[in-house]
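What follows is a short report on a single structure.
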Amino acid sequence: MAINNVGIIGCGTMGLGIAHVCAQAGRQVVAVKATPGSTDKAQATLDKGLARIVDRGKMDAAEKDAIMGRVTFTDNESAVADCDLVIESIIEDIATKKELFRRLEGICREDTMLTSNTSTLSVTAMMAVCNKRDRIAGLHFFNPAPVMKLVEIIHAFETSEKVIQDLNTFCKEIGKDPVIVQDTTGFIVNRLLTPYMLNAIRMLERGTGTIEGIDHAMMAGAGHPMGPFQLADYIGLDVVEAMSMNIFMDVRHEHHAPPHTLNRLVQLGYLGRKTGKGFYDYSQRPPVQNPLLSRPVV
Ligand code: CAA
């Protein structure tokens, strides 16, 4: 089935990034703010992100206007009724996602593909609350969505092959490089990346190296664009902690449990770039190691 109209539920970093990608590829997008209220902030954030690309000379102003023109912002979920594909990108809470999927079944057409951008939760659990299950799947984009080429297409328990193939074609048409993955906690990338970041934190706790030293080693020695602490701060430490807990609850192996330092930073509200402080302190340019972490936290 051709996918021309895309509904996106959730206007956070990922939702807006996915809206950008789809609209840039010529799709009509309905971007739904998941909590009731004004959509001005979401609209301004997308506009600002696109303006930055124009300023860098990578997009002309007319294309930016065309992209903005293809995105309709609303706080009314029913606006996705005519969409061919819906991608939910709301908070990582399984109960909230299940309720949303239940409602979407009542709103959308029978043939609308309903997908989740979850990072580690079970798509099959979302599918389980639906009656027409073959059109439920995962579409997992990576941050920043306009830059990262990968989309993990999650094959949940009863997803039809036809839906997987339609999603695969769609991902390629919007310029992505998809991979099909079975519905297991963390899929491919987060199942590998999460323990990698947790191990870096444990390494810090053991005194193996400094935050900057470990980051430098992984960039200069393994060719990563960011070190593990920069990456954790970029993803958001609350998200990293939640991914860790989801994997831990699945496999019940201590290795996947969030380390003490991660728990403490999240408890203190130091969530990384979005709060200005995490493993680094972003109030300084360039950012410096969070001074709280210069002494043992255990
Ligand atoms: N939107 C659009 N474009 C963006 C952008 C954004 N939010 N952020 C960066 N860019 C573009 C810039 O415009 C620039 O484009 P050009 O080269 O065409 O000018 C390009 O990306 C590079 O950006 P910068 O020069 O500002 O910075 P950089 O070279 O340091 O790259 C980065 C930034 C792309 C984020 C890079 O550091 C990187 O790839 N980091 C790793 C990111 C990563 O691993 N993401 C996955 C996280 S896991 C996840 O997302 C899954 C999950 O479920 C939690």
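Worth a mention:
- Checklist (1) open to solvent by 40 Å² or more (accessible area, probe 1.4 Å); (2) without any contact (Cβ under 8 Å) to a residue 40 or more places away in the chain applied to ASP82, failing item: (2)
- If you go through the stretch 173-227 and keep only what is surrounded by 15 or more Cβ atoms within 10 Å (Cβ to Cβ), farther than 30 Å from MET127 by Cα and in contact with a strand residue (DSSP E or B) (Cβ under 7 Å, 6 or more places away or on another chain), you end up with ILE211, GLU212.
- From the list THR96, THR112, the lone residue that is farther than 20 Å from GLY175 by Cα, assigned by TED's automatic domain parsing to the domain that holds THR159, surrounded by fewer than 18 Cβ atoms within 10 Å (Cβ to Cβ) and of a type outside the set (D, E, K, R) is THR96.
- LEU204 being within 16 Å of the ligand (Cβ to nearest atom), outside the structural domain of ALA95 (by TED's automatic domain parsing) and of a type in the set (A, V, I, L, M): no
- Filtered residues of the stretch 125-135 (kept if within 15 Å of VAL163 (Cα to Cα), open to solvent by less than 50 Å² (accessible area, probe 1.4 Å) and touching a Phe, Trp or Tyr at 6+ places or on another chain (Cβ under 9 Å)): MET127
- Reported count of residues in the stretch 213-227, each being within 18 Å of GLY278 (Cβ to Cβ), within 16 Å of the ligand (Cβ to nearest atom) and assigned to a helix (DSSP H, G or I), is 5.
The values are calculated or read from the model by the stated rules, or taken from the named source; none is laboratory data. Every value quoted in this text rests on a predicted model; they were computed, and no experiment measured them. Don't worry about glycine lacking a Cβ; one is built from the backbone with ideal geometry, like all the others, and counts go over all protein chains shown. We work out accessible area using only protein heavy atoms, side chains counted, and drop any ligands, DNA or RNA first. Shrake-Rupley method; radii C 1.70, N 1.55, O 1.52, S 1.80 Å.
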